[in-house]
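Read-outs throughout are calculated quantities, based only on the coordinates presented, and are distinct from any laboratory measurement. Here the structure is a predicted model, which is why all the values come from computation and not from measurement. FYI the Cβ positions are ideal-geometry reconstructions off the backbone, even for glycines, and counts take in every protein chain you see.
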Ligand code: NDP
């Protein structure tokens with residue numbers, strides 16, 4: 001039986017250990033499609049899984065990596081044939097099912113989407129779960145009726161993965177984008193992606209009044225906690241906030257005031273279990289609406305051996321934009 005290179009997390013008495021191993025193909029989990037993975041990425045959740053900082057991994061041993069792109073090398077599914085280019089994100093891959101930091105993955109065909117036409121595997125992973133989630137947030141705001149004519153849209157955690165893609169998408173679609181960042185040195189980077197103005201993270205960091213000056217028609221928030229509470233308090237009447245992340249914390253110290261006095265909507269976004277038709281729509285919108293030059297400007301490419309240091313760096317808020325891993 002053949003082996004392939006993989007990162008493997010094992011459970012130890014003192015926590016978890018992680019190491020590069022030759023993984024036995026016989027140990028792969030059930031699935032009807034086998035993929036030769038060419039690219040993966042490092043998302044915030046990968047940072048949590050690889051470092052063990054949060055209990056993201058719920059099966060041991062685990063190959064982390066919550067998303068990947070590659071080529072089908074074996075399939076018993078009617079949907080995919082050998083040679084097809086595919087993308088996978090979510091469905092517990094890298095958490096409960098062996099994931100993308102490996103040369104080979106065996107998964108369920110239901111979880112795969114075809115690589116959009118005119119998109120490379122490297123570009124798909126430059127987008128990755130973070131960029132795909134930014135698109136889900138945008139689609140949630142659009143479904144709520146947010147348009148560029150309604151007013152500015154705030155993006156929190158703007159220099160991060162979700163934030164950078166959100167800024168580029170919104171800017172490209174003609175929105176006035178207000179980017180909130182804790183990294184003032186990234187102002188030019190954010191303007192280059194499409195931000196109209198930059199506000200310091202501190203402006204949203206301290207607990208504020210339940211209702212504040214109405215500033216934003218919509219918000220894409222990847223940080224949660226007090227900044228999300230302030231964003232809700234600054235959303236215009238009838239506006240909406242798409243919330244997907246917790247980089248600042250899991251709590252939400254808010255009141256009902258924005259909801260009952262301004263009709264503000266809080267739209268939750270969970271990228272993991274989105275039904276396939278919406279997944280395909282999100283990926284095709286990304287293929288259409290995300291400027292590839294901006295995608296390339298926000299992306300750094302690293303090798304397999306760089307996954308662990310990159311995972312640590314993302315939790316420290318030191319990664320700008322997106323990181324692609326060449327497997
Ligand atoms: P990144 O680390 O790339 O981005 C997070 C950004 O948040 C940082 O770059 C930083 O931006 C900002 N930030 C970090 N710490 C703080 C803090 N203490 N207070 C305020 N802002 C902070 O991560 P991702 O973009 O990959 O993910 C962002 C979040 O979205 C994570 O919580 C992740 O788990 C979540 N997520 C959720 C998904 C879902 O399905 N719901 C899917 C994908 C991601 P800056 O320096 O510009 O301030």
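Computed quantities for the displayed model
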item: Highest to lowest packing among 235-241, 126-132, scored as the average C-beta count within 10 Å; result: 126-132, 235-241
item: Helical contribution to [θ] at 222 nm, DSSP H n ≥ 4, -39,500 (n - 2.57), averaged over the chain, rounded to 500; result: -8500 deg cm²/dmol
item: Three-way shape call for the stretch 246-325 based on the alpha-carbon gyration tensor, with the a/c threshold at 1.5; result: oblate
item: Rounded to 5, the percent of DSSP beta bridges in the chain classed as antiparallel; result: 55 percent
item: For the chain, built as a Gaussian network whose Cα springs stay under 10 Å, the top-fluctuating residue of 201, 292, 143; result: 143
item: Equivalent ellipsoid semi-axes - Cα gyration tensor, the stretch 1-69, angstrom; result: 21, 15, 11
item: Inter-label distance, nm, simple model (7 Å from Cα along the C-beta direction), residue 252/residue 36; result: 4.5 nm
item: Ascending count of other beta-carbon atoms within 10 Å, so fewest first, for 170, 266; result: 266, 170
item: Share of pairwise Cα separations in the chain, more than 36 Å, in percent; result: 18 percent
item: Extension gain, residue 318 back to residue 288 (0.36 nm per residue minus Cα-Cα distance, nm); result: 7.9 nm
item: Solution diffusion estimate, µm²/s, Stokes-Einstein, the stretch 112-154, Kirkwood Rh from C-alpha pairs, 37 °C, viscosity 0.692 mPa s; result: 270 µm²/s
item: Rule-of-thumb Rg ratio for the stretch 1-130 [Cα; 2.2 N^0.38 Å; N residues]; result: 1.00
item: Cα centroid separation, the stretch 182-225 to the stretch 30-102 (Å); result: 33 Å
item: Two-site FRET efficiency, residue 273 against residue 197, from Cβ-Cβ distance with R₀ of 25 Å, rounded to 0.05; result: 0.10
item: Whether the stretch 285-327 is rounded, prolate or oblate, judged on the alpha carbon gyration tensor where a/c under 1.5 counts as rounded; result: prolate
item: Size of the stretch 214-287 as Cα extents on the principal axes (Å, biggest first); result: 36, 26, 18
item: Relative exposure of 271, 197, 180, 109, judged by other C-beta atoms within 10 Å (fewest first); result: 197, 109, 271, 180
item: Tensor-based shape of the stretch 124-199 (alpha-carbon gyration tensor, a/c under 1.5 rounded, otherwise prolate or oblate); result: oblate
